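Next up is a structure, given as structure tokens.
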Amino acid sequence: MDSRLDYFGNPLAAKVLKHINSAGKVVSDSTLPAATQELVKIRASQINGCGFCTDMHTKDAALAGETSQRLHLVAVWREAKVFTDAERAALELAEQGTRIADAAGGVTDEAWANAAKHFDEEQLVALISLIAVINAYNRVNVINQQPAGDYQPGQFG
């Protein structure tokens, strides 16, 4: 599979990605736990069918010490006993925030209240922002048919 165009080599795309990357850096530097951030990025990428981001974030998470068991169970987190209550709340918010067009009411009050039990205001801002940023990346890659499998951890800095 080849991408439709060389998005990552395009000067205009570089300008766009610079801003998305800046937003992502703010989130990664927040107090939202790094493991939670990777789990959210993986789950949103799975839902959106973004192979490139799924490949990237599972590899980055593994390099950061995430277990293969947890990585294999992200897609079925509701049935898995390996995630904390806080991670489960973040994964639920990520799913509802990613599937926002599919849900008549958007993110439910219940999902929000559950997340708010586990994360402070800064972490909630980071979580909302992370969901928005990964969905933006997913859309770029899915529209462009960016192939998966060749990502090397640290490839983008």
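Consider H57 carefully, then state whether it is closer than 22 Å to V125 by Cβ, modelled with pLDDT of 95 or more, surrounded by 19 or more Cβ atoms within 10 Å (Cβ to Cβ) and out of contact with any Gly (no Cβ under 8 Å at 6 or more places or on another chain). Give the derivation first.
Details: closer than 22 Å to V125 by Cβ: yes; modelled with pLDDT of 95 or more: yes; surrounded by 19 or more Cβ atoms within 10 Å (Cβ to Cβ): yes; out of contact with any Gly (no Cβ under 8 Å at 6 or more places or on another chain): yes.
So H57 fits the description; yes.
Looking at the stretch 65-81, is at least one residue of a type in the set (G, A, S), open to solvent by 40 Å² or more (accessible area, probe 1.4 Å) and in a loop (DSSP other than H, G, I, E, B)? Break it down stepwise before answering.
Of all residues in the stretch 65-81, those of a type in the set (G, A, S) come to 65, 68, 75, 80.
Okay, now just the ones that are also open to solvent by 40 Å² or more (accessible area, probe 1.4 Å), so 65, 68, 75.
Within this subset, residues satisfying the condition of being in a loop (DSSP other than H, G, I, E, B) are 65.
Yes, that holds for at least one residue.
Here is a list of conditions, (1) in contact (Cβ under 8 Å) with a residue 24 or more places away in the chain; (2) not in a loop (DSSP other than H, G, I, E, B), and A113 meets all of them except one; can you say which number that is?
Of everything listed in (1) in contact (Cβ under 8 Å) with a residue 24 or more places away in the chain; (2) not in a loop (DSSP other than H, G, I, E, B), A113 misses just condition (1).
Return the total of residues in the stretch 33-54 being among the β-branched types (V, I, T) and open to solvent by 30 Å² or more (accessible area, probe 1.4 Å). Please lay out each step first, then the result.
Within the stretch 33-54, the subset among the β-branched types (V, I, T) is 36, 40, 42, 47, 54.
Those still in the list that are open to solvent by 30 Å² or more (accessible area, probe 1.4 Å) too: 47, 54.
Residues that pass the stated criteria total 2.
When both residues are 6+ apart or on different chains and their Cβ atoms are under 8 Å apart, which pairs have a first residue that lies in the stretch 1-20 and is open to solvent by less than 100 Å² (accessible area, probe 1.4 Å), and a second that is of a type outside the set (K, R) and assigned to a loop (DSSP other than H, G, I, E, B)?
Close Cβ pairs satisfying both conditions: S3/Q145; S3/Q146; S3/P147; Y7/Q146.
Next up: Can you pull out the residues in the stretch 93-118 that are aliphatic (A, V, I, L, M) and surrounded by fewer than 17 Cβ atoms within 10 Å (Cβ to Cβ)? Don't jump to the end; show me each part of the working.
First pass over the stretch 93-118, keeping only residues aliphatic (A, V, I, L, M): 93-94, 100-101, 103-104, 107, 111, 113, 115-116.
I100, A101, A103, A104, A113, A116 - these are the residues of the stretch 93-118 that are aliphatic (A, V, I, L, M) and surrounded by fewer than 17 Cβ atoms within 10 Å (Cβ to Cβ).
Name every residue in the stretch 127-147 that is buried (at least 16 other Cβ atoms within 10 Å of the Cβ) and not in a helix (DSSP H, G or I), in order of residue number.
The answer is Q146, and nothing else.
Can you name the condition, by its number, that A86 falls short on among (1) open to solvent by less than 40 Å² (accessible area, probe 1.4 Å); (2) over 24 Å from I143 (Cα atoms); (3) out of contact with any His (no Cβ under 7 Å at 6 or more places or on another chain)?
Among (1) open to solvent by less than 40 Å² (accessible area, probe 1.4 Å); (2) over 24 Å from I143 (Cα atoms); (3) out of contact with any His (no Cβ under 7 Å at 6 or more places or on another chain), A86 violates only (3).
The values are calculated or read from the model by the stated rules, or taken from the named source; none is laboratory data. This one's a predicted model, so the numbers in the text were calculated from it and none came from an experiment. Ideal geometry is used to build each Cβ from the backbone, glycine not excepted, and the neighbour counts take in all protein chains shown. All accessible areas refer to the heavy atoms of the entire protein, side chains included, with ligands and DNA or RNA removed. Shrake-Rupley method; radii C 1.70, N 1.55, O 1.52, S 1.80 Å.
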